[in-house]
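What follows is one structure encoded as structure tokens, with my remarks underneath.
The values are calculated or read from the model by the stated rules, or taken from the named source; none is laboratory data. Here the structure is a predicted model, which is why all the values come from computation and not from measurement. Here the Cβ positions follow ideal geometry from the backbone for every residue, glycine too, while neighbour counts run over all protein chains shown.
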Ligand code: NAD
């Protein structure tokens, strides 16, 4: 029987790829509700579909910061229920913490954290009632370990981890499985879409030392994305594995490359090893006085 899947943030990146993959399955095993904040951006998804798939794809407007739009998306699902909910919409934010405005910080938390929670809240009662369901969440390395100049982004993604881990404990009683698909760098519009402080534009006062470390960080980030970013197809493979797994776990890593650093947090409980190792990794190529 066809499974109903609803995915948030499908105008680009991971959400788009996952929607295309599931909706193109030759067996028509999935009916995909690909949702996006702005329907003007649906062209890219439609072009990736190559041909019409009326039975397997529907595109709906849904802004995860707007409860009404989430509810109206839910009410547009002709099957009445969602079997697999994919919370994927998210935005990045980079820059020295002291440059982040209240509005920008609220905006990130609204999309990444509250957006994920609102979406889950909306579909959870039905899953609980039916005693079946899957909730898949696009997680991030930034939700597992701190990254310099990403404090608020990491705060939002750490919080998503806490939300999912907490829910997973309860939902064992309802046969509903929560899984985080933890991604390192992925080739998407993410870097282009994120809000980034431009250093030296004079709008906010940042000391020279921080500015130079930030430049080193941005360079590091660029190198990491160039050398190690995964393609969305690799990420989709992990999503498919989780969807097909009869009893999926809470966390899946899309690449083993991020495990050593993550595990440092556990080996040294005071966190010092992780803080030093990450600092070295990010800043060693740049200024010599970064350990001050
Ligand atoms: P992306 O920018 O291509 O996709 C993010 C999508 O979320 C976009 O389609 C965007 O329109 C949508 N979105 C933003 N605000 C929204 C809102 N209010 N309502 C609905 N949709 C909204 O980037 P991506 O890499 O595909 O990002 C998908 C997820 O993956 C995000 O949660 C991101 O944090 C996570 N992630 C990405 C990377 C990476 O390196 N690309 C790494 C780790 C985690």
field: Residue under evaluation residue 45, criteria (1) buried (at least 18 other Cβ atoms within 10 Å of the Cβ); (2) not in a helix (DSSP H, G or I), criterion not met
entry: (2)
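Yes or no, residue by residue, for (1) at pLDDT 95 or above; (2) farther than 18 Å from residue 240 by Cβ; (3) within 13 Å of the ligand (Cβ to nearest atom); (4) assigned to a helix (DSSP H, G or I):
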residue: 10; (1), (2), (3), (4): yes, no, yes, no
residue: 16; (1), (2), (3), (4): yes, no, yes, yes
residue: 27; (1), (2), (3), (4): no, no, no, no
residue: 54; (1), (2), (3), (4): no, yes, no, no
Identity of the residue in segment 63-80, within 16 Å of the ligand (Cβ to nearest atom) and not in a loop (DSSP other than H, G, I, E, B), that ends up surrounded by the fewest Cβ atoms within 10 Å (Cβ to Cβ): 68
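So which of 35, 104, 119, 8 ends up being surrounded by fewer than 19 Cβ atoms within 10 Å (Cβ to Cβ) and under 25 Å from residue 189 (Cα atoms)? Give the steps one after another, and end with the answer.
Values: 35 fails: surrounded by fewer than 19 Cβ atoms within 10 Å (Cβ to Cβ); 119 fails: surrounded by fewer than 19 Cβ atoms within 10 Å (Cβ to Cβ); 8 fails: surrounded by fewer than 19 Cβ atoms within 10 Å (Cβ to Cβ).
That would be 104, the only listed residue that is surrounded by fewer than 19 Cβ atoms within 10 Å (Cβ to Cβ) and under 25 Å from residue 189 (Cα atoms).
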query: Name the pairs whose Cβ atoms lie under 7 Å apart, with the first residue in segment 131-159 and under 19 Å from residue 270 (Cα atoms), the second in a strand (DSSP E or B) and within 12 Å of the ligand (Cβ to nearest atom), and 6 or more positions between them or separate chains?
result: 144/182
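Take the conditions buried (at least 19 other Cβ atoms within 10 Å of the Cβ) and either within 21 Å of residue 195 (Cα to Cα) or modelled with pLDDT under 95 (or both) and apply them to residue 147. Does it pass?
Numbers: buried (at least 19 other Cβ atoms within 10 Å of the Cβ): no; either within 21 Å of residue 195 (Cα to Cα) or modelled with pLDDT under 95 (or both): yes.
The answer is no for residue 147.
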task: Could you please tell me which pairs satisfy a Cβ distance under 6 Å, a separation of 6+ or placement on different chains, a first residue in segment 269-292 that is within 11 Å of residue 217 (Cα to Cα), and a second residue that is part of a loop (DSSP other than H, G, I, E, B) and at pLDDT below 90?
output: 283/290
